[in-house]
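A short write-up of the structure that comes next.
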Amino acid sequence: ELRPLYMDFQATTPMDPRVLDAMLPFQVNYYGNPHSRTHAYGWESETAMETARKQVADLIGADPREIIFTSGATESNNMAIKGVARFYQAKKRHVITTQTEHKCVLDSCRILEAEGFEVTYLPVQNNGLLDLQLLEASIRPETSLVSVMTVNNEIGVKQPIKEIGQICRSKGVFLHTDAAQAVGKIPISVSDWKVDLMSISGHKIYGPKGVGALYVQRRPRVRLEPLQNGGGQERGLRSGTVPTPLAVGLGAACSISQKEMEYDHQRVSMLANRLVQKIMSEIPDVVMNGDPEQRYPGCINLSFAYVEGESLLMALKDVALSSGSACTSASLEPSYVLRAIGADEDLAHSSIRFGIGRFTTEQEVDYTAEKCIQHVRRLREMSPLWEMVQEGIDLKSIKWTQH
């Protein structure tokens, strides 16, 4: 049975075979609990876990003691935002984030609001980037935390985290960044960027699903209240037995990404340009969402005017694509990220996200582009709106009687 091509690398990535090779021994022979201190089964697992911790730390320029293993970026984001806010709540009760963050950041902030915190949701500019002056003006003496994602999961824009880090450090406010889509894909230095907390996901970087990490800076020290209590593992911040095979997988994925980052980035850029060029040279009225320069090239969000995004997805059934994040893919609401960058309602409904990654081939890109061109043309032929535009009618000026 033929399966569709996979072009949804922002949702998840296939596991690199080298990662699986690293994990297998710890699924089968070396199954000790890494926290067992009394025998060799425990020690060998602990050694593997600590090696993995160093591999994660090396990728972002951190100290291994600053890495906490979690179940993924969602848990890391929850831990960072709720943990810091609650720890410092006696003196500081204000948190700042942006309107284009991942759902788990926004929802963690909603929970804090219900607990009596004040949250500022900053708008972004039309290119998807945060206005740094607006951020600076929003920081108050009672602000404890700013949370801004590094690379957006829907439109691929890259926020100026280094500049944001300088602002936050100068104001004595902690900075958290959700770097799930950036780690292993662009060079990251937590010390250079002055980031205090950073969330990492395994399955976005060709590692296993169900594992991630949170970087928590040691100097200046960041304190957080744990969400999960128990045996005091992970410096008491995240109790529970660390799953050695998953941690080893995350470490291997980080180490491979570090070695191959430059090669992957060049290759992904080349394929992305190829896809966009092919599509845009063949069909008019295609808009690329988000800043054309400040972005990670492997995430391409295109709006095809006068075509319903859902119908285009259905037509392209032999390519796995999406119209936004997997979390909200069941609803027909246009993406809140596209709404935040001021995309028209109709263009927001006509957008498709193309994800390109380490295992994407030129043939896949060409096939996707050809099918896309073919179906956009076909769907536009059927669209009365397209027909009216071809006749020179300005759709914005029409008074639709039904409404």
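The values are calculated or read from the model by the stated rules, or taken from the named source; none is laboratory data. Small disclaimer: the values here were computed from a predicted structure and weren't measured. Cβ sites come from the backbone with ideal geometry, for glycine too, and all protein chains shown count toward neighbours. These area figures cover heavy atoms from the full protein model, side chains too; ligands, DNA and RNA do not enter into them. Shrake-Rupley method; radii C 1.70, N 1.55, O 1.52, S 1.80 Å.
Ranking T150, T120 by solvent-accessible area of protein heavy atoms (1.4 Å probe, all protein chains present), from largest to smallest, gives T120, T150. Within the chain, what whole-number % of the accessible surface is contributed by carbon and sulfur, with the 1.4 Å probe and all protein chains included in the calculation? Carbon plus sulfur share of accessible area: 52 percent.
Rounded to whole Å, give me the distance from the Cα center of region 42-58 to that of region 97-135. What the calculation gives is 35 Å, centre to centre. If you take every residue apart from A62 with its C-beta less than 12 Å away from the C-beta of A62, what net charge results, scoring Lys and Arg +1 and Asp and Glu -1? Neighbourhood net charge equals 0. Ordering Y263, L385, S331 by Cα displacement along the dipole of region 250-403 toward the positive end leaves Y263 in first place; charges were set at the Cβ atoms of Lys, Arg (+1) and Asp, Glu (-1). Average accessible surface for region 127-214: 28 Å² per residue, computed with a 1.4 Å probe over protein heavy atoms with every protein chain in place. Taking the 0 to 90 degree range and rounding to the nearest ten, how far is the long axis of helix 161-171 tilted relative to the main principal axis of the chain, both from C-alpha atoms? Tilt relative to the chain: about 60 degrees. Multiplying the residue separation of R37 and K162 by 0.36 nm and subtracting their alpha-carbon distance yields 40.9 nm. Taking all protein chains as they are arranged and a probe of 1.4 Å, the heavy atoms of L332 leave approximately 120 Å² accessible to solvent.
Label-to-label distance, R235 versus R339, with points set 7 angstrom from Cα along the beta-carbon direction: 3.8 nm. With the Cα gyration tensor of the chain giving a ≥ b ≥ c as the square roots of its eigenvalues, does the rule (a/c under 1.5 for rounded; else a/b larger than b/c for prolate; else oblate) give rounded, prolate or oblate? The shape class here is oblate. With the helix formula -39500 (n - 2.57) applied to DSSP H stretches of n ≥ 4, the chain reaches a computed 222 nm mean residue ellipticity of -13000 deg cm²/dmol. Taking the longest Cα principal axis of the chain as reference, the axis of helix 362-381 is set at about 40 degrees. Hey, how many Å between the Cα centroid of region 205-265 and the Cα centroid of region 1-41? Their Cα centres are 14 Å away from one another. Each peptide in 122-132, 349-359, 192-202 receives the mean, over its residues, of other Cβ atoms within 10 Å, and ordering these scores from highest gives 192-202, 349-359, 122-132. Ordered by 1.4 Å accessible area with all protein chains kept, I256, I393 run largest first as I393, I256. For region 107-263, the dipole from Cβ point charges (+1 on Lys and Arg, -1 on Asp and Glu) about the Cα centre works out to 560 debye, to the nearest 20.
Each DSSP beta bridge with both residues in the chain is either parallel or antiparallel, and the antiparallel ones are about 55%. A 1.4 Å probe run over region 314-403, with the rest of the protein chains in place, finds 56 Å² accessible per residue. Mean separation of Cα pairs under 8 Å and 6 or more residues apart, divided by the residue count, gives the chain a relative contact order of 22 percent.
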